[in-house]
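> This is the structure, below, for whatever I ask next.
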Amino acid sequence: MTTPKIPNSVPTSFGNSAASRPGSLGPARLAGVAAFLALVFVAVPLGIAASGRWDFYYTLTSVALLSIASAGVWLTFYIGRINIGQGAYALAGGYVSAVLITQVGMSFWLTLPLAGLACAGLAVLIGLPILRLRGVYFAMVTLVLTEVARLSALALPVTNGAKGITSIPLPGELSVLGLTIIPDFATLEDPKLAFYLVAVALMCLSYLALWRIVNSRLGHLCRSLQQNEELAASIGVNTAHLRVLAYAISSFFGGVAGAMFVSISQSIYPSSFQVADSVNFMLNCFLGGLGYVFGPMLGTLLLYFGWDLLFTTGQYQMLIYSSAMIVLMLVLPNGLLSLFDRKGGGK
Amino acid sequence: MTPILQVKGITKRYGGLTAVNEVSFDVAEGEILSVIGPNGAGKSTLFKLISSFVTPTSGEVLFKGDRISGLAPHQVARKGVVRTFQETTIFRSMTVRENVIVAHHLRSRASLLGFFLGTSLARQDEAEFGASADGIIDFLGMGAIRDELASNLPQGHLRALGMAIGLATNPRILLLDEPFAGMNHDETMRMVGLVRRLRDERGVTVLLVEHDMPAVMKISDRIVVINFGQKIAEGTPAEIQSNEKVIEAYLGSEDAAIGM
Amino acid sequence: MEQILANGLYLGAQYALIALGLTLIFSLMNVLNFAHGQMYVMGGFVTYTVVAQFGLPFIVGLLASAVVLAVIGAVCERFLFRTVIKRSKREESTMLLAAGIAFFLDAVILLVFGEKQRGVPKIVDGVFNWDMRLIMPYDRILIGALAIAMVVGFILFMQYSRTGRAMRALAQDRMAAQLMGVDVDRYSMIGFALGAMLAGIVGGLLVTITGINLGMGGPTSVKAFLMIMIGGAGVISGAIAGGFILGMMESIGLTLLAAYGDVTYLAIFATLLVFLAIRPQGLMGKPWG
Ligand SMILES: Nc1ncnc2c1ncn2[C@@H]1O[C@H](COP(=O)(O)OP(=O)(O)OP(=O)(O)O)[C@@H](O)[C@H]1O
Ligand SMILES: [Mg+2]
């Protein structure tokens, strides 16, 4: 009888399963990504130019930015936490950027990562105590956080209370070694296209990052955390550390999205992001499916367009939207993509 | 030679209930030591104390002379003291292979950022984990089900997978809580052989809690018996089988009579 | 000092009543009722309609609020939550359902009552003045006393009535209650109705003092969450403790921190973070995990 020996590590081959690893870029995937990039960067601008529906730029830019914030929420879901606090970080990121631009005179492009980092830092402070909570309890605190962020924006001197911060200048030029990468938005004829391109580029970067996270060791560890925190600890995972890390990354996304939003609307108020936004971020993830990296992007697109279509219903917009949400929960309590679960099976 | 593990007067109280009461014993390197006792005697609690999943009310645990009680569970695991769970605890929505790969966490040399960026060190790590996981899976005879989703596995395989996860961390001491539960006689005997080889080939010290007496008697170098949280006996299988107190404790309970 | 305490007590009584409803629903069905604040606003508007529009006595308005909200609560449980709980695999489904109901109620309130601030005339006039040390209008004293009486009534109801006991059994262990012959569906519905009713009653009480408007729903829910986090979710004593503690903190904060702008809630949240780090299950909650 020959039972194999336990190897003293150091392998020879990667094994045949390497090709099918989800982390690798197969040709089919590569083609999909290329098609997607062509769609958002070429086809959409061409289509809009042809149809003359310039207002679509605003809608699509919003979708892109909201889907970045939703990506963050999705990552918190990925470690098994229900996050209804992303609105707080979007608001905080927006204010960080607005204050740095208007009071320090910093370039918008510098404030963008700084807003993300500030939110990540904040998330570490807040996350350390609250990430020990689970389920409904965590959800509750994060929801409270959104409201507290709004109240703080109303109260703190630096945020200028209910009047908010307005007339924020458009993003200036971004140049490296004298080479202009992004021109000064104020000199552009129509900054709408520019904002769209920047927002979509940010979205692509964010989802690339998210996809890498999920398919690298960090993502595997997050999954282990989601499925069983005790077992994760027993294999040596520093669960507290990992939770805070994931939450900080998630909040980074929220902060960046918020900052970018502010530069488009050139203003921010305490009510710019509130509880309803936090709930919608969660809904985006849920609608798009929690098992798929690109789920939140799909969810945001569907939800935002749905909301926009309902605009014509005037005062009944909210009523119809909320009724649809209730019906959705009744009919598909496990999300839109659960429709495919039956035939899919397994992974 | 100092023992690899020293349990010194460890006590755990839950409110009025003393789950573990002043238990002390030493474990020598490379030993297979079983902890037995009736249901509710405090065996699982003892393992949780050793792996630092619960903090002792008093007393301490030393690993290679260093105090490990009070550390976080992942720090204890990092030192090489790793427990498996009494309940079949695995990552349910991962495949068998993914379960074992993710459990290689402690062996990674690349940082999380390195993995994110896909540096060559990270890729080396990944390749190593994959190969090592395959080795462990084959060792435990689960090669045929390596790509099966863990939630679809039958009880016996779940136990083996729990052990595979423990092994993947490259432990110095492995604490197995009822590793043979839910297995039939043949499976149990095969696992007994595997645990033995684990010790013989890799020098892993094994502590185990088990109710299957024939298996315990066969596998153990030494046995510690606890009852109502207290250690009532310690010795070789032969000594334990003829110990009055032990027989009394077992006859007093509804547990199966001790013996081969 | 006396003033702060009295204000805190007055606020705390209202808050405790709101938190009781939320915690009752949570303990029975493990549902976090996001729409609780909207139910409170709804209650305020019903009382307003009955008293200010129809010119009926205040007590009729209060009763109308109680009945309307009880019906809304019962319907939500029977036709929405029950279905979703049975069919869903994840906790967030009921949360999103509750959020949907919150949006829905907001929309209904907007359509039916408009977005204006509404109030009813004072039910009693005059101000209690103790040497300028403690000043409080009589209507506040009356409303505060009513709220405290209702908290006491609720506790007695839960302790001694058949229904109350059944609900407590249900909250403790659903399975065991079922085995003991408690009609789980029926008492879940009653519990939900009762919780919603409490929210409606507080809305009816407060419309006489602070008035009511559409925007109060969300913030009220958030306050209610804060309270049950302080006190411990799903525990009656916790809801009451949380309510009074938040009332006191608000009262103290508004007095002491007034000079620094309205940072009371920031301070309360920061305190909560520290508190949760030490005691994640809240004051009275049972430890879990
Ligand atoms: N977290 C806890 N809180 C309160 N009591 C506990 C806790 N964990 C264990 N106990 C109690 O401690 C005692 C010992 O439990 P333990 O699980 O260690 O027993 P055991 O020997 O492993 O039993 P078994 O053979 O059934 O696995 C039991 O009475 C149990 O009820
Ligand atoms: Mg046990």
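The values are calculated or read from the model by the stated rules, or taken from the named source; none is laboratory data. Since we're looking at a predicted model, the values are computed, not measured. Glycine gets a Cβ as well: all are built from the backbone with ideal geometry, and neighbour counts include every protein chain shown.
> Here is a list of conditions, (1) touching a residue at least 12 places away in the same chain (Cβ under 8 Å); (2) more than 9 Å from chain A (Cβ to nearest Cβ), and residue B:99 meets all of them except one; can you say which number that is?
(2)
> Tell me the helices (runs of 4 or more DSSP H) entirely within the stretch A:209-280 that contain at least 3 residues that are under 20 Å from the mean Cα position of the chain (by Cα).
Numbers: elements: A:217-227, A:229-234, A:239-265.
By residue number, A:217-227, A:239-265.
> Condition check: within 16 Å of ligand 2 (Cβ to nearest atom), in the same structural domain as residue B:201 (by TED's automatic domain parsing) and closer than 27 Å to residue B:232 by Cβ. Does residue B:54 satisfy that?
On the way: within 16 Å of ligand 2 (Cβ to nearest atom): yes; in the same structural domain as residue B:201 (by TED's automatic domain parsing): yes; closer than 27 Å to residue B:232 by Cβ: yes.
Here the answer is yes, as residue B:54 does meet what is asked.
> Also, I was wondering about something else. Can you confirm whether residue B:84 is among the β-branched types (Val, Ile, Thr), buried (at least 24 other Cβ atoms within 10 Å of the Cβ) and within 16 Å of ligand 2 (Cβ to nearest atom)?
Values: among the β-branched types (Val, Ile, Thr): yes; buried (at least 24 other Cβ atoms within 10 Å of the Cβ): yes; within 16 Å of ligand 2 (Cβ to nearest atom): yes.
Spelling it out, residue B:84 is indeed among the β-branched types (Val, Ile, Thr), buried (at least 24 other Cβ atoms within 10 Å of the Cβ) and within 16 Å of ligand 2 (Cβ to nearest atom).
> Then there is this: Based on what the data block shows, is residue C:140 over 22 Å from residue C:202 (Cβ atoms), among the basic types (Lys, Arg) and either assigned to a helix (DSSP H, G or I) or out of contact with any strand residue (DSSP E or B) (no Cβ under 8 Å at 6 or more places or on another chain) (or both)? Don't jump to the end; show me each part of the working.
Numbers: over 22 Å from residue C:202 (Cβ atoms): no; among the basic types (Lys, Arg): yes; either assigned to a helix (DSSP H, G or I) or out of contact with any strand residue (DSSP E or B) (no Cβ under 8 Å at 6 or more places or on another chain) (or both): yes.
So residue C:140 does not fit the description; no.
> Moving on. For residue C:252, all conditions in the list (1) within 13 Å of chain A (Cβ to nearest Cβ); (2) part of a helix (DSSP H, G or I) hold save one; what is the number of the exception?
Going through (1) within 13 Å of chain A (Cβ to nearest Cβ); (2) part of a helix (DSSP H, G or I) one by one, residue C:252 breaks only (1).
> Note down all Cβ pairs under 7 Å where the first residue falls in the stretch B:20-48 and is within 14 Å of chain A (Cβ to nearest Cβ), the second is within 15 Å of ligand 1 (Cβ to nearest atom), and they're at least six residues apart or on different chains.
B:44/B:86; B:44/B:177; B:44/B:209; B:47/B:83; B:47/B:175; B:47/B:177; B:47/B:209; B:48/B:54
> While we're here: Which members of the stretch C:75-89 meet the condition of being without any contact (Cβ under 8 Å) to a residue 40 or more places away in the chain, facing chain A (nearest Cβ under 9 Å) and either within 11 Å of residue A:326 (Cα to Cα) or not in a loop (DSSP other than H, G, I, E, B) (or both)?
Just the residues of the stretch C:75-89 that are without any contact (Cβ under 8 Å) to a residue 40 or more places away in the chain, to begin with: C:75, C:79-80, C:83-84, C:86-89.
Checking the rest, the ones that are also facing chain A (nearest Cβ under 9 Å) come to C:79-80, C:83-84, C:86-89.
Residues satisfying the conditions are C:79, C:80, C:83, C:84, C:86, C:87.
> Okay, next question. Taking interchain pairs and intrachain pairs at least six residues apart, which have beta carbon atoms under 6 angstrom, with the first residue in the stretch C:46-58 and more than 12 Å from residue C:113 (Cβ to Cβ) and the second in a loop (DSSP other than H, G, I, E, B) and of a type outside the set (S, T, N, Q)?
C:50/C:56; C:51/C:120; C:58/C:123
> In the stretch B:172-186, which residues are buried (at least 17 other Cβ atoms within 10 Å of the Cβ), more than 10 Å from the chain's Cα centre (by Cα) and away from ligand 2 (no atom under 16 Å from the Cβ)?
Initially, the stretch B:172-186 is screened for residues buried (at least 17 other Cβ atoms within 10 Å of the Cβ), giving B:172-181, B:183.
This time we only want the ones that are more than 10 Å from the chain's Cα centre (by Cα), so: B:172, B:180-181, B:183.
Correct list: B:172, B:183.
> Would you be able to tell me the number of residues in the stretch B:146-171 that are within 9 Å of chain A (Cβ to nearest Cβ) and either under 21 Å from residue B:35 (Cα atoms) or within 16 Å of ligand 2 (Cβ to nearest atom) (or both)?
3
> Could I ask something else about it? Starting from the stretch B:176-190, take each residue that is away from chain A (no Cβ under 14 Å) and list its partners that are of a type in the set (Asp, Glu) and away from ligand 1 (no atom under 16 Å from the Cβ), counting only C-beta distances under 8 angstrom and pairs at least six apart or across chains.
Within 8 Å, the pairs are B:180/B:187.
> Against the conditions (1) over 18 Å from the mean Cα position of the chain (by Cα); (2) among the small types (Gly, Ala, Ser); (3) at pLDDT 90 or above, where does residue B:118 fall short? Just the number, please.
Of (1) over 18 Å from the mean Cα position of the chain (by Cα); (2) among the small types (Gly, Ala, Ser); (3) at pLDDT 90 or above, only one is false for residue B:118: (3).
> Are there any helices (runs of 4 or more DSSP H) wholly within the stretch B:1-110 with 2 or more residues that are within 30 Å of residue B:249 (Cα to Cα) and within 16 Å of ligand 1 (Cβ to nearest atom), and if so which? Before you say what the answer is, go through the steps one by one.
Details: elements: B:43-50, B:73-79, B:96-102.
In the stretch B:1-110, B:43-50 are the helices (runs of 4 or more DSSP H) which contain 2 or more residues that are within 30 Å of residue B:249 (Cα to Cα) and within 16 Å of ligand 1 (Cβ to nearest atom).
> How about the stretch A:111-141: which of its residues are at pLDDT 90 or above and in a loop (DSSP other than H, G, I, E, B)?
Once the filter is applied, which keeps residues that are at pLDDT 90 or above and in a loop (DSSP other than H, G, I, E, B), the stretch A:111-141 yields only A:131.
> Within 14 Å of chain A (Cβ to nearest Cβ), hydrophobic (A, V, I, L, M, F, W, C) and more than 16 Å from ligand 2 (Cβ to nearest atom), is that true of residue B:112? Break it down stepwise before answering.
On the way: within 14 Å of chain A (Cβ to nearest Cβ): yes; hydrophobic (A, V, I, L, M, F, W, C): yes; more than 16 Å from ligand 2 (Cβ to nearest atom): yes.
Considered against the rule, which asks whether it is within 14 Å of chain A (Cβ to nearest Cβ), hydrophobic (A, V, I, L, M, F, W, C) and more than 16 Å from ligand 2 (Cβ to nearest atom), residue B:112 comes out as yes.
> Further question on the same structure: All but one of (1) under 17 Å from the mean Cα position of the chain (by Cα); (2) more than 21 Å from residue A:153 (Cβ to Cβ) hold for residue A:57, so report the exception by its number.
Of (1) under 17 Å from the mean Cα position of the chain (by Cα); (2) more than 21 Å from residue A:153 (Cβ to Cβ), only one is false for residue A:57: (1).
> Name the residue, out of B:221, B:200, that is away from ligand 2 (no atom under 16 Å from the Cβ) and more than 14 Å from chain A (Cβ to nearest Cβ).
Details: B:200 fails: more than 14 Å from chain A (Cβ to nearest Cβ).
Step by step, each of B:221, B:200 is checked, and only B:221 is away from ligand 2 (no atom under 16 Å from the Cβ) and more than 14 Å from chain A (Cβ to nearest Cβ).
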